Structures are given as C-alpha cells and as structure tokens.
Amino acid sequence: MAILTLVFGRDVLGTHEVDRDKLIVGRSEDCDITIDNLAVSRHHVIIEKIDGVFMVNDLDSNNGTFVNGQRIEEPTALNFGDEIGVGKHVLVFDSHSKKSQPATQHAAAGAQPEMDAAGRGTMFVEPEQMKMIQEKVVAARKAHLQLPDRPGGKLIALEKSDVVFGKLGNCDIVVTGFFVSRRHAILSRLEKGFQLTNLAILSPTRVNGVVIDATFLVDGDEIKVGKNRFIFHSGQ
C-alpha cells in the first residue's frame, strides 16, 4: 500500500491511495491528483510502479519537480518519507501507512482565484526562484527557526544535534548586538525534544519573554537573543 499526502505549507490537504501502476499529478482536471495552482503544469509529474519500485518523473513541466528539495532530471526511485515538490505544494510518499483521512481528488488550498482562473496558462517561475521556494518548503516541513523580523520570514532548518547562537563567526547562528555574548545559547536535539540552554551572563536568553537557564521548546515558542527574535517550529 502506498499513500501520497498532499501538503501546502503546514496544512494537510488530503491523502491519496496509489492504487494503480501510473498516477499523473497536475493542474488539469483529468489528472489523478489535481492541484489547482498556476505554478503547477497541466500534466506536471508522473508516479509509476516499475518492477515493484515506485518512480517519480517530471513531465517537462515549466517549473520542474523536486524530491527532498532537489530538482530531478530523470526518473527517481521513491523511498518512505520522500517529499515531492510540485510548485509550492508537497506530496509526501508513504509506502506503508494506512489512510488517515478521506482521499481528495481535487485540492485548491492556497490558490488565488484571480490567478488560477480556468483557461490561464501555467505561470513560469524563474529556476533560481523555484529552487528557493522548494528549499523553504522543505525547511518548513522540518524542525526550524523562523526569523519573523527578516524579509520573507527567513527559515533556518535545525539539522544539527547542537546549534550555537552567538557573536563568534564559527557559531551556527551568528547574532549581532551589544549585549550578545560570544556564545550566547545552545539549542540541542535530545530524545525528549529540543532543549534551549542559556550560556550568556549580561543579557540572558528569553523564551516567550521569560529568562531561562534551560528549557524544552514547544511549537511556536519565541526565543530572544539580545534584540534578535526567533520562532521555533517543531516540524511535522
């Protein structure tokens, strides 16, 4: 049993059983999974089972197809948990789980009606811009920090077991400010979750406005290092 879960941002739009050897994803209504958004080509990508292995292949779409943030140029084998990027949407591939929601044949969340009106052609996105979009989509699906005061709300994926904040150039997240310490705080990935530990003396680290020595973070917590704000997201 294989399942594709359609995701837009952090919202699950629906799940789809892969119950045939070939499945087409695109903007056209004759697709097996229709994504009503102009960044998606009418027939964007095909997922097919070949010799027992599920493969994904781009159908010469305008904006390309991505697997785990990397643009694919040829048929690519899918593994459990792989994320297929189609425009700003993601299809998460699961070859084991059962459906948790009724499957939806047509998903339009996030689409702007004035842009996605019938008869409009596919909207071309510059390759570098699409790559940046996909990197942001992938980061948003993992545990990450959001910088709400930066243009576009920049995301920093938390991929290391320990992430150090501070003034030093070799810190993982270099933070400026008069009262910021050389090594100000450390965010550690532990079995129980993400723990933030204060290392500063003059200007202690704060979580949701409260000075902390060490605390486990939950989704949406605001971290303040000097005057710099970060929003923690635990991922899915």
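The values are calculated or read from the model by the stated rules, or taken from the named source; none is laboratory data. Quantities reported herein were computed from a predicted structural model and do not represent experimental measurements. FYI the Cβ positions are ideal-geometry reconstructions off the backbone, even for glycines, and counts take in every protein chain you see. To get the accessible areas, we keep the full protein, side chains included, count just its heavy atoms, and leave off ligands, DNA and RNA. Shrake-Rupley method; radii C 1.70, N 1.55, O 1.52, S 1.80 Å.
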* How far is it, in nm, from the label point at GLU73 to the one at ARG189 when both lie 7 Å from their Cα along the line to the Cβ? -> 2.9
* Structure fact -> Total charge of the residues flanking GLU74 in space, meaning their Cβ is under 15 Å from its Cβ, with Lys and Arg +1 and Asp and Glu -1, is -3
* To do: Just name one of GLY193, VAL175, VAL164: the one whose Cα is farthest towards the positive end of the charge dipole of region 142-236 (beta-carbon charges, Lys/Arg +1, Asp/Glu -1).
  => VAL175
* At 7 Å along the Cα-to-beta-carbon direction for both ASP51 and LYS227, put a label point, then send me their distance in nm to one decimal. => 6.2
* Percent accessible area from carbon and sulfur atoms, region 164-236, protein chains only, probe 1.4 Å -> 53
* Can you work out the accessible area per residue across region 31-82, with the rest of the protein chains kept in place, probe 1.4 Å, in square angstrom? => 46
* Relative to the present Cα-Cα distance, how much length would full extension add between ILE201 and SER161 at 0.36 nm per residue of separation? -> 12.0 nm
* How large is ³J(HN,Hα), in whole Hz, for each residue of region 23-28 in order, when computed from phi with the Karplus curve 6.51 cos²θ - 1.76 cosθ + 1.60 and θ = phi - 60°, using x for Gly and Pro? -> 9, 9, 10, x, 8, 6
* Taking all pairs of different Cα atoms in region 1-67, averaging 1/r and flipping that mean, what Kirkwood radius in angstroms comes out? -> 12.5
